[in-house]
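Right, one structure below, let's go through it.
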Amino acid sequence: MASSKTITLRSSDGEAFDLEEVVAVESQTIKHMIEDGCADNAIPLPNVTSKILAKVIEYCKKHVETPKAEEHAVNDELKAWDADFVKVDQATLFDLILAANYLGIMSLLDLTCQTVADMIKEMSGNEICEIHLLIKERSLEKICKIYNIKTKLTLQSSDGMFFYVDVAVAMESQTIKHMIEDRCADNAIPLPNVTSKILARVIEYCKKHVETPKAEEHAVNDELRAWDADFVKVDQATLFDLILAANYLEIKSLLDLTCQTVADMIRGKTPEEIRKTFLRKHDFTPEEEEEVRRENQWAFE
Amino acid sequence: MQAQTQSRKLQLNSSMARWSQLPKDLLLLVAQRLNTHFDLLCLRSVCSSWHACVPSRPHPLPSRFPILPTNGTSWGLYLSRRTILCLGLPESHCQPTIGSWLIKVEEDVPDMAHLVNPLSTFQFKHLPPNFPKTFDFSRFRVSELGQEYVLQYMNHRPSGEADEGSLHKGKVAFYSTSNGEDFVMLTIHVSGKLAMFRHGNKRLKTIDDMPSCDDLIFFNGEFYAIDNTGRTVVVAIGSPPVLSLIADSVIGGNKKSLVESNGELLMVNTYFDQGIHGIMNRAVRFKVFKLNQIGHMWVEVENLGDRILFLGEKSTFSAVASEFCGCDGNCIYYTNSFFFPNDQEDDAYTGIGIFNLENGNLGPLSSFPNYSKVIWPPPAWVYIDNIGDI
């Protein structure tokens, strides 16, 4: 009889886990490592914490021990065990998905992703928004796609173009976030006040801001600030449209950015210079013109 | 082809016209970010709808309020406000030989404004003969560099005389809410201590924890005070006011001043020397420091780059050298009660010196025409009626 070898796994936080080879090879990744002869010492798993690794090992052990019987009773018992196994908080569930994917444990990946897909169907608006943020944070879009977990939604511009956007990105707009919460976002969301040219820019802005972690480190924030400064280097007509769009879509950071840009363009200029940049000429009535003249003219003694 | 350019012109015109239709609440979001009186005035002067939307901020102080001093005598004081402005030409008329003009304006009595030397309290009584009778601010680019507050006796007539009536030789720092309803004023009492006056108070109240105070400033929403050793505190307004240490003393130097430059708080340490008669204080050199908040200390700054610091009698401010033609940065304009040998009494430049950080040279402002013309006389472009003539 072949002796069952012991495999040692080391979690990202340095804890060592010993398990029988027959259990370890539930993971395709570890199986390949053993076949390639890389498993003589402890196998480091830098992507998996001890908390998650413990759970994964628990799952693998149970599935190895339970014979895949013809008898439904045994299979039902296993199904019930599985159902209990995934009764964990959302963050742990997502970590299990990531671990299952990394370790190549197909049955665990199926189980966890299906659980998330079922959860979303039952969820309230608020919870949906949180789930999408978690998916974005852990870059799980591809996996979710396989399991038909919708991570994108459709926006339609005033000139009829469709934009396919990650939910987490679209949620930068409070207006759209409320629609998701109210479950009005299942079909395409029409945005009659925003042209495709402007919507494309707004989406670009939201993408960048969702993808950049708001770090304590000034370096990251400085880089984002520099990106923002470039973003608003547009002609005044586009700037105007961006302000209106940011207001309509309720994207506070974009509204702040565009209004600050206009203020900076105005500061220290003469009224005539401002008119040249933004308008044609003034349209004051004679009374208004007189009032403006009075406000601007001082007599020095 | 012509139809194309015409239609593009129309498009440009119509897109430009849209700005006058910017919804009021969005225009106000922009206006909120322009917080000086002149910027708002400018915004109001652009077009009809903006004129209607943007509120005009009252320029004079909310009230000339009587403040009774702490020793209980019955004369009252009032607070006079002056604004330091940098005037320039619109971009289309800028040339390398044309520089901006630095002025200080006082308008305590409505419709009667005075030009004051930006660094001192010297009023320019004799305006040049062809100085415009009415000065139109909308023709110029106006940047507000700072505000100056001076306490004056109530009976002192505001027109004409230099303010010998000011009780406190030291600085006044002032803050009021934008509607003028609430305000706080800090000043340096004759005893050298800090004194505070708040809306609703009847008298100035001294703050005992900060004796021998050299300078005050309202910066970044807070009051800062520095004593003659360089020890610097933030004064949190309350009853009682709370002082928190933000920088320890520095070694050496005589007088400390606080000045804002490019969004940062700087400290200037003035080194005095005994004058010829051994009585007057004469400034001989300056060191500049910036604040290391974490280390609670002032760290020396070797070079100011393009910036110029102005240490006036009653206020401090800074500017960018490239605004003024023929001026280099990295220097300090300062006031000194010591009279330079070639000073004329009651001259525009009396008691003002200039210090070069790079080589340590200093001298009276009157000896440096490129630097003195920043203040006086008014540049040629002020006189020209129609800007288009330049």
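Scanning region A:245-300 for residues that are surrounded by 20 or more Cβ atoms within 10 Å (Cβ to Cβ), more than 7 Å from chain B (Cβ to nearest Cβ) and of a type outside the set (A, V, I, L, M) yields A:T258, A:T261. Taken over region A:153-183, the criterion of being surrounded by fewer than 18 Cβ atoms within 10 Å (Cβ to Cβ), in a loop (DSSP other than H, G, I, E, B) and within 20 Å of the chain's Cα centre (by Cα) is satisfied by A:D182, A:R183. Figure legend. Inter-residue proximity from region A:43-69: first residues farther than 19 Å from A:M33 by Cα, second residues of a type in the set (D, E, K, R) and surrounded by fewer than 15 Cβ atoms within 10 Å (Cβ to Cβ), beta-carbon distance below 7 Å, spacing 6+ or different chains. Indicated pairs: A:T49/A:D13; A:S50/A:D13; A:S50/A:E15.
Can you tell me which residue in region B:213-255 is surrounded by the most Cβ atoms within 10 Å (Cβ to Cβ), limited to those that are hydroxyl-bearing (S, T, Y) and at pLDDT 90 or above? The qualifying residue surrounded by the most Cβ atoms within 10 Å (Cβ to Cβ) is B:T232.
Assessment of region A:202-215 against the conditions (out of contact with any helix residue (DSSP H, G or I) (no Cβ under 7 Å at 6 or more places or on another chain), surrounded by fewer than 16 Cβ atoms within 10 Å (Cβ to Cβ) and among the polar types (S, T, N, Q)) yields no matching residue.
Working only within region B:111-155, note down all residues that are in a strand (DSSP E or B), in contact with a Gly (Cβ under 6 Å, 6 or more places away or on another chain) and more than 9 Å from every other protein chain (Cβ to nearest Cβ). Don't jump to the end; show me each part of the working.
So in region B:111-155, the residues in a strand (DSSP E or B) come out as B:112-116, B:123, B:134-136, B:141-153.
Filter again for in contact with a Gly (Cβ under 6 Å, 6 or more places away or on another chain), leaving B:141, B:143, B:152-153.
B:Q152, B:Y153, listed by residue number.
Aromatic (F, W, Y), out of contact with any Phe, Trp or Tyr (no Cβ under 8 Å at 6 or more places or on another chain) and at pLDDT 70 or above: is that true of B:F122 in this structure? Break it down into steps so the answer makes sense when it comes.
On the way: aromatic (F, W, Y): yes; out of contact with any Phe, Trp or Tyr (no Cβ under 8 Å at 6 or more places or on another chain): yes; at pLDDT 70 or above: yes.
When the stated conditions are applied, B:F122 passes them.
When region A:240-256 is limited to residues that are free of Cβ contacts under 8 Å to residues at least 60 places away in the same chain and acidic (D, E), the one that is farthest from B:S20 (Cα to Cα) turns out to be A:D256.
What are the residues in region B:302-328 that are farther than 20 Å from B:K255 by Cβ and at pLDDT 90 or above, if any?
So the first thing to find is which residues in region B:302-328 are farther than 20 Å from B:K255 by Cβ, and the list is B:302-303, B:305-307, B:319-328.
If the condition is that a residue be farther than 20 Å from B:K255 by Cβ and at pLDDT 90 or above, then B:E302, B:N303, B:G305, B:D306, B:R307, B:A319, B:V320, B:A321 are the ones that fit.
The values are calculated or read from the model by the stated rules, or taken from the named source; none is laboratory data. What you see is a predicted model; the values in this text were computed from it and never measured. Reconstructed Cβ throughout: ideal geometry from the backbone, glycine too, with neighbour counts over all protein chains shown.
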